[in-house]
Structures are given as structure tokens and as C-alpha cells.
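Worksheet: the structure to be examined is printed underneath.
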Amino acid sequence: AHKLKVRQPLRRAHVVLNDVTLSDGIKEHAAMIKEELNVLELEVVPYEAASRFGAYAYKPNFRSLGQRGLGKKAQELKKAWSDLSADDKRALDAVLLEGKGSYKGTDLVREDIEAAFEAKAGFAAAGDRVGLVVLDTEIDDGLRDLGFARELQSQIQSVRKTLNLDYTARVRVAVAASPRVAAIVDKHREKIAEACLAPEISVTGITADGGAGVGETVEIDGESLVVRVEPLK
């Protein structure tokens with residue numbers, strides 16, 4: 001939704017939970033979540049701290065209210081919730097946190113409230129009544145270079161497939177590219193080598209049609225480069 005490449009790492013994901021009892025489960029699977037979201041850090045944040053990232057907007061869930069015989073009340077709530085006072089927001093927050101509560105004499109349950117989140121600049125957010133996930137969307141040079149390295153890994157893996165190599169086969173990789181790419185390879189050489197089973201990675205003046213193995217000309221973030229992969233004997 002925010003035009004961020006999936007392989008572009010982000011600095012941090014924040015998980016805002018309405019139900020604090022879910023925190024331990026989130027933390028237990030933090031490593032998996034970070035890998036799936038491609039973020040370097042994961043933070044579990046209490047609901048009360050959500051204002052760091054933006055603000056909630058509320059509207060009634062007509063279906064839930066209708067099922068509870070409060071269909072007529074829903075229109076009143078819709079109008080009232082379009083411009084909430086700080087006290088009114090706290091009352092709705094309490095319903096979301098506790099699962100049930102009261103708003104100006106109307107008994108509500110968590111399912112009666114639809115909560116949308118409007119993120120501040122620098123953040124992207126999505127969620128529902130259970131909670132919210134907020135991503136830091138600002139990308140610095142370090143993250144940008146790491147994203148480039150991830151894209152390079154993908155290109156190397158693509159050449160491996162062209163060679164029909166066994167997934168355990170070790171390879172020699174050579175890259176012909178600019179000084180910027182050479183610096184990125186040097187910085188992330190160990191991770192690239194581990195991911196691609198490439199104990200030998202060099203940045204040279206190879207061309208796509210010369211040398212051993214298979215070479216492909218690719219473009220990553222405006223950089224044109226040649227990636228050559230050769231099986232190690």
C-alpha cells in the first residue's frame with residue numbers, strides 16, 4: 001500500500017495490542033514475525049502508547065449493534081463519534097481494552113466498535129479491534145544498502161535455478177558493478193554467502209558472455225550489474 005518493496009528491510013515494527021494477555025505470545029514468536037515482515041526490530045506497545053504513531057478514528061459496527069437490538073442507536077453513535085472529546089475517546093478506548101463498557105449510558109462490547117488508525121508521517125499502520133501493527137517507513141542509507149543486498153541475493157538465487165543446481169550445491173559468485181555495489185557486497189558479504197551458499201564472492205570486471213558458469217545482466221535500484229554464478233567442484 002505504501003509502495004515499499006517487500007525485500008526492502010524496515011527498521012522496526014510496533015505491535016499495539018488491545019488485549020495485553022497476547023503480549024507473551026507475540027514476543028515468543030518475535031524472530032518469525034521479524035523475518036516475515038522484513039524488519040530489524042519488533043516492539044510490543046501498550047494500547048495507551050498508540051498516540052506515538054497517530055490517532056484512532058471510531059465508527060459503530062452496524063451489524064454487531066443490530067444483532068444486539070441497537071440498530072437505531074447506531075445512527076446516533078455514528079454522528080456522535082465523528083467528533084469525539086478526549087473523555088469520549090477514553091470511554092471507547094476502555095471498551096476496546098476491557099472487551100465491554102459503557103458510552104453515555106449505552107452498554108457496548110468490543111465488537112460494536114470499528115477502529116481505524118490514521119498514522120503520522122513516517123509510519124504505516126493497519127489493524128482491527130484486536131490491535132494494530134505499525135511500520136517505520138523511513139529508510140536510511142544503511143537500510144537501503146541492506147535492501148540492495150537482499151535483491152542481489154535474489155538475483156544470485158535466480159542464476160542458481162538457471163543452472164539447475166541442487167539446493168546444497170556451493171557456488172562461486174562474481175559481480176561486475178559500480179564502486180557503490182562493491183562496497184555493499186563487502187559490507188554484506190557474509191550474509192550473502194550464507195544465503196546463497198557462495199563462499200567465494202568477488203567484484204570484478206567480468207561480462208555476461210565471458211568466463212565460466214552462467215552470467216546475467218540485471219538492474220537493481222538503478223544500478224546495472226552482471227551476476228555470474230559457477231558451481232564449485
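The values are calculated or read from the model by the stated rules, or taken from the named source; none is laboratory data. Worth saying up front: this structure is predicted, and the values here are computed from it rather than measured. Note that each Cβ is placed from the backbone with ideal geometry, even for glycine, and that neighbours are counted across all protein chains shown. Please note that ligands, DNA and RNA were not included when accessible areas were found on the heavy atoms of the full protein model with its side chains. Shrake-Rupley method; radii C 1.70, N 1.55, O 1.52, S 1.80 Å.
Details
- Test: residue in the range 148-156 that is over 30 Å from residue 73 (Cβ atoms), small (Gly, Ala, Ser) and under 19 Å from the mean Cα position of the chain (by Cα): yes
- Of residues in the range 1-19 being of a type in the set (A, V, I, L, M, F, W, C) and in a loop (DSSP other than H, G, I, E, B), the one farthest from the chain's Cα centre (by Cα): 1
- So residue 34, is it within 14 Å of the chain's Cα centre (by Cα) and either open to solvent by less than 70 Å² (accessible area, probe 1.4 Å) or not aromatic (Phe, Trp, Tyr) (or both): yes
- Residues in the range 46-67 that are hydrophobic (A, V, I, L, M, F, W, C) and free of Cβ contacts under 8 Å to residues at least 60 places away in the same chain: 49, 62, 65.
- Here residue 22 meets the list (1) within 16 Å of the chain's Cα centre (by Cα); (2) open to solvent by less than 100 Å² (accessible area, probe 1.4 Å) almost entirely, failing just condition (1).
- Wholly within the range 91-208, strands (runs of 3 or more DSSP E) carrying at least 1 residues that are at pLDDT below 90 and open to solvent by less than 30 Å² (accessible area, probe 1.4 Å): 113-119, 131-136
- Scanning the range 1-19 for residues that are more than 25 Å from residue 150 (Cβ to Cβ) and either open to solvent by 40 Å² or more (accessible area, probe 1.4 Å) or not aliphatic (A, V, I, L, M) (or both) gives 18, 19.
- Residue in the range 43-61 that is hydrophobic (A, V, I, L, M, F, W, C), within 27 Å of residue 141 (Cα to Cα) and in a loop (DSSP other than H, G, I, E, B) present: yes
- Restricting the range 52-77 to residues that are of a type in the set (Gly, Ala, Ser) and modelled with pLDDT of 90 or more, the residue that is most open to solvent (accessible area, probe 1.4 Å): 69
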